[in-house]
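Note sheet for the following structure.
The values are calculated or read from the model by the stated rules, or taken from the named source; none is laboratory data. Keep in mind the model is a prediction, meaning the values are calculated, not measured. Because the Cβ atoms are built from the backbone with ideal geometry, glycine has one as well, and the counts that use them run over all protein chains shown.
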């Protein structure tokens, strides 16, 4: 297996853990919406299709943009790099 693919996979997994840790630490703070409620959201990616749940439209829009970027990166890494 190509060493660059192994390194890219490791970096993507590490980035996922870092993003999860940062989001966990931010959720513990006083990040509240306009009514004093916490703003939360979830993304479930099944294949190339993101399913997004959010407590308000701002969070849903942000998660949509992030999930589209993630899907583009995954397509680049797995489709275009594995099958040149």
Please list, ordered by first then second residue, the pairs with beta carbon atoms under 6 Å, 6 or more apart or interchain, first in the stretch 58-83 and on the phi < 0 side of the Ramachandran plot and surrounded by 14 or more Cβ atoms within 10 Å (Cβ to Cβ), second in a helix (DSSP H, G or I) and modelled with pLDDT of 80 or more. 77/8
Take the conditions under 18 Å from residue 12 (Cβ atoms) and at pLDDT 80 or above and apply them to residue 68. Does it pass? yes
Pairs under 7 Å by beta carbon, first residue under 14 Å from residue 61 (Cα atoms) in the stretch 28-48, partner at pLDDT 75 or above and in a strand (DSSP E or B), six or more apart or different chains? 41/52; 41/53; 41/54; 42/53; 43/50; 43/52
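Test residue 29 against the criterion of being out of contact with any helix residue (DSSP H, G or I) (no Cβ under 9 Å at 6 or more places or on another chain), modelled with pLDDT under 80 and at positive phi, and give yes or no.
No: the conditions fail for residue 29.
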